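First comes the structure, then the notes that go with it.
The values are calculated or read from the model by the stated rules, or taken from the named source; none is laboratory data. Keep in mind that this is a model prediction, so the values were computed, not measured. Glycine also receives a Cβ, built like all others from the backbone with ideal geometry; neighbour counts cover every protein chain displayed.
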Amino acid sequence: MPEILASVLDGLLIGLVYGLAAIGLTLIFGVMDVVNLAHGAVIALGMFAVYLLFGAGLHPYLGLFVVALIGLAFGVVVYLVAVRPIINAPPLMTLLSTFSVSMIIIGVGTAVWSTSPYNVNFPVTTLRILGYTVTSARLVAALAAVLVTGFLYYFLYRTTLGKAVRAVANNREAAELMGIPSQQILAISFGIGTALAMLSGALIATLFPFTILSGGIYELKSFVASVLGGLGNPTGALFGGVILGLIEGSVAPFIKISWTNVIEFVIFVLILLFFPTGLFGGRR
Amino acid sequence: MKLFARPFFWLIVAVTLLYALLPTLGQNVTLRETLVLSAIYIILAANLNLMIGYTGYVNFGSIVFFGLGGYLTLWLVGGHHWGLYPAVLLAGAVTSLLAFLLGIGVLRLRGAYFALATIGINEAVKDFVANFDPWGGAEGIFLPFTAFKAMGGPGKALWTVYLLIVLVMGLSLLVAYLVKRSKFGLGLFAIREDEDAAMVLGVKAPLFKTLVYSLSAFLPAVAGGLYFFKNGSIIPDEAFNLHLSIEAIVMVMLGGQGTVTGAAVGAALYERLRGLLLTIPGLSNFHLVIAGVLLLLIILFAPGGLMGWLYRAWPRLRRVLE
Amino acid sequence: MSRVILEVDHLTKAFGGLLAVNDVSFQMYEGEILGLIGPNGAGKTTLFNLVNGVYKPTRGHVRFLSQEITGLPPYEVVKRGLARTHQIVRPLNEMTVLENVVVGACFGAENLGLEPAARVAEEVLAFVGLAEYRDTLAGKLNLALKKRLEVARALAARPKLLLLDEVLAGLNPAEVERMLGVIRRIREQGISILMIEHIMQAIMSLSDRVVVLNFGQKLAEGKPEEVASDPRVIEAYLGDPEMAKKILEEEA
């Protein structure tokens with residue numbers, strides 16, 4: 001029994017990181033109805049960003065701040081180049097354009113780093129909490145995910161810029177009539193979504209080894225989590241991530257780890273079919 | 001419609017014969033291996049076009065049909081000593097039936113939701129197969145050498161299978177053409193433009209979508225069976241390679257979605273381009289980058305693809321090229 | 001009196017807590033033009049959507065030529081001979097005008113093949129005056145032509161009953177006249193028409209009878225002149241002063 005609980009606790013902690021990644025995806029969808037298929041590649045970029053910064057002598061946790069800024073800038077550039085020109089075209093177009101961005105990132109990444117695994121090798125301690133053993137890295141990653149989410153909510157609900165983002169998400173035309181420069185808001189939102197994805201990648205890099213292709217699996221987990229929570233609903237995405245982590249944690253002691261993906265995708269397709277607005281209600 | 005009176009029908013026949021004869025005449029194995037990939041790409045693009053170009057549903061996971069066809073075929077041939085012909089036909093039929101059943105569910109989703117679900121399906125099937133011991137799990141299935149014996153040894157079998165793949169290519173183009181010129185196709189195009197309006201006009205959209213999804217599974221599954229039989233082995237990562245699925249979308253977009261010629265030309269061009277990039281030293285690592293840039297440029301500047309551009313330059317082409 | 005073609009029986013549609021259509025009943029006879037009027041948000045278009053199967057009713061029934069069609073999907077309804085147009089035009093943009101109408105003919109009541117459908121479509125295009133635009137992409141038409149295309153597509157289905165949802169809205173006076181001519185000629189072919197319209201003059205002169213909806217409920221039903229003098233109807237329109245004025249003017 002204690003092993004199961006330990007595994008569930010591990011799942012809960014990693015689930016918060018999945019949730020952070022999912023928020024990045026769901027925020028972009030919620031604001032501009034774009035499913036960002038470059039999400040996984042951006043997560044991988046976050047992994048390599050923290051790796052490079054670590055190589056340059058920056059502690060991974062300090063590196064997070066730099067990664068967030070890089071993510072914001074990179075997201076704005078991607079938006080301006082690949083999304084803005086076709087923001088009003090049919091959804092197929094933005095799916096394909098963000099996917100082409102993914103191909104470019106992965107292509108360049110493969111050329112530079114090949115597809116062999118890397119890791120961020122920094123001292124990690126184990127802690128005992130209420131009788132369970134947890135690594136400090138996992139605990140910090142989960143805490144960081146919660147803090148970033150809290151910061152995001154503060155931004156969305158307490159700052160003028162954040163309120164403008166919500167207004168544009170709610171009704172772009174009405175927001176424009178109110179004098180909100182919607183194009184800037186969309187660019188910033190895409191930047192924030194990208195920054196969150198890179199942050200989650202950076203956090204994952206402090207836990208596991210990674211390759212340039214590692215983003216793919218977390219992209220799919222982000223889809224599952226945000227669909228569970230209702231596409232476009234950030235709180236839902238966080239809970240979706242936690243549910244995903246809990247599922248992984250609670251089945252891990254009983255079945256081969258590779259089966260968890262099958263379970264997750266089956267849940268994903270079933271949720272899409274029967275609860276297309278998610279378990280917590282989303283935007284359609 | 002009198003098929004034999006249509007120039008486009010003869011164009012399809014001519015292209016198919018060209019693919020069949022070019023390598024066969026000189027027994028040129030290198031050319032055959034190039035053209036087999038080209039033919040496979042054309043098969044994938046032409047069938048994917050039925051969904052993307054005709055119906056307006058973006059299937060990101062169309063490769064799942066190709067992979068399932070491959071697995072079913074190798075399982076029947078390798079594990080149960082079936083002949084290749086009944087095996088690929090059964091594989092095609094079973095895959096098509098699975099697509100039909102799956103389609104009843106997932107085709108209720110629209111736009112991004114449908115696209116996401118198709119990715120989920122491909123990944124779920126890949127991970128399932130990778131854990132499915134009767135199909136060899138992550139190691140996949142290897143065909144014993146004896147499997148080629150019934151076809152006169154490996155050398156002869158490879159030529160036969162090549163011609164069969166070319167035949168499937170011709171059939172794919174023919175099906176794409178016939179669907180486009182049919183009442184069924186008209187209903188699909190109406191769904192692409194506005195599904196709700198199409199239903200009000202009497203198009204049975206749920207049935208039509210499910211049928212075309214199922215149809216778009218059949219020939220790729222047969223092709224998958226032939227292709228992996230030719231390779232002699234199959235593993236989950238190659239069979240359900242999501243990248244190839246997306247590359248097929250690039251091909252359709254490159255040539256021009258919704259046109260038979262566009263899908264075929266886009267596929268053949270993409271294969272040439274890819275081959276070129278892989279052989280140029282220093283660029284081989286960048287073929288994904290270049291494909292990505294190409295896709296982005298098409299989307300931003302030429303959403304109608306090559307055919308859209310040609311039609312604009314010479315409107316009369318519309319009457320000849322479908 | 002002729003046969004009942006459409007029977008709307010205690011029809012109700014709730015969206016969440018809002019009763020968009022609330023217990024509405026009326027009958028329509030073959031060959032009739034029935035006007036459906038009411039202030040904005042009265043539930044007229046929702047009623048159309050219930051009749052042709054776009055929405056499933058919460059309660060109540062729709063019968064067409066004595067057959068139950070409640071809850072049938074729209075593509076089944078049109079096959080039985082009940083076609084409609086949309087208030088907000090929905091052309092199949094990337095298809096030509098002719099192809100748009102061929103879709104209507106192919107999948108309509110007669111379930112035609114492509115070639116006979118093309119003949120019907122040409123005929124209908126000539127009938128509504130769109131023949132010269134047959135090869136134009138539907139998305140490129142102006143609003144007046146798009147409205148005519150809506151009518152053409154519905155007619156190509158060879159309906160017995162046609163639901164027209166504000167086909168006059170947004171048209172200039174000359175275009176209104178032209179459309180009125182088309183509607184009259186449709187009636188001469190023996191097709192029954194149920195129409196939603198805001199242009200009072202038109203509906204009063206075309207309709208044999210009028211049903212008035214207000215807040216989802218049937219407020220009144222009768223001959224145009226009876227309805228126009230009904231104090232409850234005038235009061236309902238008083239929230240909409242311009243409309244009230246129009247009705248009062250026609251009274252005078």
Worksheet entry | Condition broken by B:E123, with the remaining ones in (1) at the interface with chain A (Cβ under 9 Å from one of its Cβ atoms); (2) in contact (Cβ under 8 Å) with a residue 40 or more places away in the chain; (3) farther than 30 Å from B:R192 by Cα satisfied | (3)
Worksheet entry | Top-ranked residue of region C:98-123 - restricted to ones that are of a type in the set (D, E) and more than 8 Å from every other protein chain (Cβ to nearest Cβ), ranked as farthest from C:V167 (Cα to Cα) | C:E115
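Please report, ordered by residue number, the helices (runs of 4 or more DSSP H) entirely within region C:138-210 with at least 2 residues that are outside the structural domain of C:I33 (by TED's automatic domain parsing) and touching a residue at least 24 places away in the same chain (Cβ under 8 Å). Steps first, please.
Numbers: elements: C:143-156, C:173-188, C:200-206.
Hits in region C:138-210: C:143-156.
Conditions tested, residue by residue: (1) surrounded by 21 or more Cβ atoms within 10 Å (Cβ to Cβ); (2) at positive phi; (3) under 14 Å from the mean Cα position of the chain (by Cα).
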{"residue": "C:F107", "(1), (2), (3)": "yes, no, no"}
{"residue": "C:A117", "(1), (2), (3)": "yes, no, no"}
{"residue": "C:E123", "(1), (2), (3)": "no, no, no"}
{"residue": "C:L143", "(1), (2), (3)": "no, no, no"}
{"residue": "C:E150", "(1), (2), (3)": "yes, no, yes"}
{"residue": "C:R158", "(1), (2), (3)": "no, yes, no"}
{"residue": "C:P173", "(1), (2), (3)": "no, no, no"}
{"residue": "C:E177", "(1), (2), (3)": "no, no, no"}
{"residue": "C:R187", "(1), (2), (3)": "no, no, yes"}
Worksheet entry | Residue list for region C:210-235, restricted to those being among the charged types (D, E, K, R) and within 17 Å of C:E166 (Cα to Cα) | none
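Each row is one residue, and each column tells you yes or no for (1) under 23 Å from B:Y113 (Cα atoms); (2) buried (at least 24 other Cβ atoms within 10 Å of the Cβ).
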position: A:E176; (1), (2): no, no
position: A:I188; (1), (2): no, no
position: A:T206; (1), (2): no, yes
position: A:I212; (1), (2): no, yes
position: A:S226; (1), (2): yes, yes
position: A:L231; (1), (2): yes, yes
position: A:G236; (1), (2): yes, yes
position: A:G245; (1), (2): yes, yes
Fill in: C:V62, sole failed condition from (1) touching a strand residue (DSSP E or B) at 6+ places or on another chain (Cβ under 9 Å); (2) surrounded by fewer than 18 Cβ atoms within 10 Å (Cβ to Cβ); (3) not assigned by TED's automatic domain parsing to the domain that holds C:N142
(2)
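Quick one: which helices (runs of 4 or more DSSP H) lie wholly within region B:184-259 and hold at least 2 residues that are aliphatic (A, V, I, L, M) and surrounded by fewer than 24 Cβ atoms within 10 Å (Cβ to Cβ)? Even if it seems obvious, please write down each step before you answer.
Working: elements: B:195-200, B:205-231, B:236-239, B:242-255.
Fully inside region B:184-259 and qualifying: B:205-231, B:242-255.
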Discussion item. Return the pair list, or none, for Cβ contacts closer than 9 Å from residues in region B:181-204 that are more than 7 Å from every other protein chain (Cβ to nearest Cβ) to residues that are buried (at least 24 other Cβ atoms within 10 Å of the Cβ) and basic (K, R), at least 6 apart or on different chains.
Written reply: B:L188/B:K209; B:I191/B:K209; B:E195/B:K209
Item to complete: From (1) in contact (Cβ under 8 Å) with a residue 60 or more places away in the chain; (2) within 14 Å of another protein chain (Cβ to nearest Cβ), pick out the condition that doesn't hold for A:R138.
Response: (2)
Item to complete: Answer yes if at least one residue in region A:179-196 is in contact with a helix residue (DSSP H, G or I) (Cβ under 9 Å, 6 or more places away or on another chain) and outside any helix (DSSP H, G or I), and no otherwise.
Response: yes
Fill in: B:A117 vs. criteria over 20 Å from the mean Cα position of the chain (by Cα) and within 9 Å of chain A (Cβ to nearest Cβ)
no
Worksheet entry | Residues being more than 29 Å from A:F29 (Cβ to Cβ), touching a helix residue (DSSP H, G or I) at 6+ places or on another chain (Cβ under 6 Å) and assigned to a helix (DSSP H, G or I) - total across region B:105-136 | 3
Worksheet entry | Extreme residue, nearest to the other protein chains (Cβ to nearest Cβ), among residues of region C:73-97 that are farther than 17 Å from B:D194 by Cβ and touching a helix residue (DSSP H, G or I) at 6+ places or on another chain (Cβ under 9 Å) | C:V77
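Go through the residues of region A:214-222 one by one and say whether even a single one is in contact (Cβ under 8 Å) with a residue 40 or more places away in the chain, in contact with a Ser or Thr (Cβ under 6 Å, 6 or more places away or on another chain), farther than 21 Å from A:Y79 by Cα and part of a loop (DSSP other than H, G, I, E, B). Talk me through it step by step, then tell me what you get.
Narrowing region A:214-222 to residues in contact (Cβ under 8 Å) with a residue 40 or more places away in the chain: A:214-222.
The next check asks that each one be in contact with a Ser or Thr (Cβ under 6 Å, 6 or more places away or on another chain); those that pass are none.
No, the conditions are met nowhere in region A:214-222.
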Worksheet item: Of the residues that sit in region C:124-140 and are within 14 Å of chain B (Cβ to nearest Cβ) and of a type outside the set (G, A, S), which one is farthest from C:N172 (Cα to Cα)?
Response: C:D135
